[in-house]
Amino acid sequence: MVPTSWSFAGELVVFTAGDPPGTIVVRTVERKLYLVLPGGRALRYMVGVGRVGRQWVGVSAIDGKHLRPNWAPPAAIKRARPNVPDFIPSGSPANPMGAAAMTLAGGEYAIHGTNQPGSVGGFVSFGCIRMHNEDILDLFGRVNVGTPVVVRR
């Protein structure tokens, strides 16, 4: 559930973890994503993260940015849910990518919006980072292909 006090488009917070400005840091245990800014600050967004057994940690980078993307399920999702269609077009309420997606290098993961806003803030995905559509659009406009992404517990 989204707290009634949560503000979309990021909350400016103190952030002193030592990551360089411009880095996206995801803390799965907090279910928060931080866009590191200069001066020991960051924009913080609530996110949904991988379910138990589906979480990952590591370093990647944004390798693609897509507005209103179509979706084809990765092999892991097709194995777990064989009835999922092979392709879901943009705009479909069944499309899990929402308003935008930023794909991550080296795998089948993305930071993306959702058409299920109540899922943001939980352990809900197959490993992707899920954001409110308003938040993914805000973040999408702030970062570029090549932006480093660090996922920690």
(message) I need the Kirkwood Rh of the chain: take the reciprocal of the average 1/r across all distinct C-alpha pairs and report it in angstrom.
(response) 15.5 Å
(request) With unit charges on the beta carbon (Lys/Arg positive, Asp/Glu negative), name the residue among Gln55, Leu139, Thr23 whose Cα is farthest towards the positive pole of the charge dipole of the chain. (result) Gln55
(request) Sort out for me the Cα centre separation of segment 139-153 from segment 20-44, rounded to whole Å. (result) 9 Å
(request) Scan around Thr28 for amide H atoms under 5 Å from its own, H built in the peptide plane at 1.01 Å from N, and keep only partners 5 or more places away or cross-chain. (result) Arg152, Arg153
(request) Calculate the dipole size of the chain relative to its Cα centre from +1 charges on Lys and Arg beta carbons and -1 charges on Asp and Glu beta carbons; express the result in debye to the nearest 20. (result) 380 debye
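Could you tell me the calculated FRET efficiency between Arg153 and Lys78, based on Cβ-Cβ distance and R0 = 22 angstrom, to the nearest 0.05?
Approximately 0.20, to the nearest 0.05.
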(message) How far apart, in nanometres, would the label points at Asp86 and Asn144 be if each is projected 7 angstrom from Cα along the Cα-to-Cβ direction?
(response) 3.8 nm
(request) Calculate how steeply helix 133-142 sits against the longest principal axis of the alpha-carbon atoms of the chain, using the helix alpha-carbon long axis, and give the answer as 0 to 90 degrees to the nearest 10. (result) 60 degrees
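Among the chymotrypsin sites (Phe, Trp or Tyr not before Pro) in segment 1-101, which ones are in a DSSP loop with at most 16 other Cβ atoms within 10 Å of the Cβ? Mind listing them?
Working: sites: Trp6, Phe8, Phe15, Tyr34, Tyr45, Trp56, Trp71, Phe87; in loops: Trp6, Phe8, Phe15, Trp56, Phe87.
When the chymotrypsin sites (Phe, Trp or Tyr not before Pro) of segment 1-101 are filtered for loop state and at most 16 Cβ neighbours within 10 Å, Trp6, Phe8, Trp56, Phe87 remain.
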(message) Restricted to Cα positions, what overall size does segment 39-105 have along the principal axes? Three whole-Å values, descending.
(response) 48, 29, 21
(message) Under 12 Å from a point placed 7 Å out from the Cα of Glu30 along the Cα-to-Cβ direction: which residues of segment 111-153 have their backbone N that close?
(response) 152-153
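Rule-based calculations on the coordinates, nothing more; no lab input. Since the structure is predicted, the reported quantities are computational estimates derived from the model, not experimental observations. So basically every Cβ, Gly included, is an ideal-geometry build from the backbone, and we count neighbours across all protein chains shown.
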